[in-house]
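A.B. asks: I have a structure here, written as structure tokens, and I will follow up with some questions on it.
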């Protein structure tokens, strides 16, 4: 029953986000020029990543048919006859490079899965501006490094955030715990240290933090306080006096 409730909650949350995005597109007039931006988005992704296995060879931008990008491998559209990207699913394709910032041109994007590739470098510090409406972000099993950016806490629609099996270091921003829609969060097998965030509306298991020897705090062992100052010297001085 609990699992059913969680699925219903996540589905309801995702549906709410879709409505929000749709209303935003209508009110902003994005429908009038968004198609070109989405095409530019995918072109930028293809140009910025090495593709040794040629998975993206099907991304042929010479076509001008409405909805042609919807036939690209790894691309889901809002509607099959409209060049507007809903999800990008490029998992396990051997893609190599830094996180493609041109993805920001996919302005109505709600899902990104680039797991199990060879992405390296930092997660962009302005990630919430790049992925404004994303509900699911999976960058697990890459070679990403550096800190987890504080700006991730501004990706307020996130239901799923998977950053496990990378080379991320530093502390997890406490503000991540304020993401009210989060149901799945994983940063296992990185190089993270310090206290883990406290989530307001989710129960995150210890497995989500495994493989980071420096992490502490519930559901992990408690964080140790600063070492107490030794008073051995003062005691010895008093004894000598």
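The values are calculated or read from the model by the stated rules, or taken from the named source; none is laboratory data. A quick note: this is a predicted structure, and the numbers were derived from the prediction, not measured. All Cβ positions, even for glycine, are placed from backbone atoms using ideal geometry, and neighbour counts span all protein chains on display.
A.B. asks: Does residue 169 count as assigned to a loop (DSSP other than H, G, I, E, B), out of contact with any helix residue (DSSP H, G or I) (no Cβ under 6 Å at 6 or more places or on another chain) and at pLDDT 95 or above?
C.D. replies: So residue 169 fails the test.
A.B. asks: Condition test on residue 61, is it surrounded by 12 or more Cβ atoms within 10 Å (Cβ to Cβ), at pLDDT below 95, closer than 28 Å to residue 121 by Cβ and in contact with a helix residue (DSSP H, G or I) (Cβ under 8 Å, 6 or more places away or on another chain)?
C.D. replies: Against the criterion (surrounded by 12 or more Cβ atoms within 10 Å (Cβ to Cβ), at pLDDT below 95, closer than 28 Å to residue 121 by Cβ and in contact with a helix residue (DSSP H, G or I) (Cβ under 8 Å, 6 or more places away or on another chain)), residue 61 qualifies.
A.B. asks: I've got another one for you. In the set 42, 86, 90, 18, which member is closer than 23 Å to residue 140 by Cα, surrounded by 15 or more Cβ atoms within 10 Å (Cβ to Cβ) and either more than 17 Å from the chain's Cα centre (by Cα) or at pLDDT below 90 (or both)?
C.D. replies: Being closer than 23 Å to residue 140 by Cα, surrounded by 15 or more Cβ atoms within 10 Å (Cβ to Cβ) and either more than 17 Å from the chain's Cα centre (by Cα) or at pLDDT below 90 (or both) holds for just one of 42, 86, 90, 18, which is 42.
A.B. asks: Quick one: is residue 145 within 11 Å of the chain's Cα centre (by Cα), closer than 21 Å to residue 90 by Cβ and either modelled with pLDDT of 95 or more or not in a loop (DSSP other than H, G, I, E, B) (or both)?
C.D. replies: Criteria not met by residue 145.
A.B. asks: Considering each of 158, 220 in turn, give the residue that is free of Cβ contacts under 8 Å to residues at least 60 places away in the same chain and touching a strand residue (DSSP E or B) at 6+ places or on another chain (Cβ under 7 Å).
C.D. replies: Exactly one residue qualifies, and that residue is 158.
A.B. asks: Checking residue 146 against (1) under 13 Å from residue 124 (Cβ atoms); (2) out of contact with any strand residue (DSSP E or B) (no Cβ under 8 Å at 6 or more places or on another chain): exactly one of these is not met. Which one?
C.D. replies: (2)
A.B. asks: Quick check on region 187-205. Is at least one of its residues without any contact (Cβ under 8 Å) to a residue 12 or more places away in the chain and out of contact with any strand residue (DSSP E or B) (no Cβ under 6 Å at 6 or more places or on another chain)?
C.D. replies: Within region 187-205, one or more residues are without any contact (Cβ under 8 Å) to a residue 12 or more places away in the chain and out of contact with any strand residue (DSSP E or B) (no Cβ under 6 Å at 6 or more places or on another chain).
A.B. asks: Of all residues being in contact with a strand residue (DSSP E or B) (Cβ under 7 Å, 6 or more places away or on another chain) and part of a loop (DSSP other than H, G, I, E, B) in region 96-107, which is nearest to residue 163 (Cα to Cα)? Just the residue, please.
C.D. replies: The residue in question is 99.
A.B. asks: A further question follows. Among (1) within 25 Å of residue 59 (Cβ to Cβ); (2) out of contact with any strand residue (DSSP E or B) (no Cβ under 7 Å at 6 or more places or on another chain); (3) in a loop (DSSP other than H, G, I, E, B), where does residue 129 come up short?
C.D. replies: (3)
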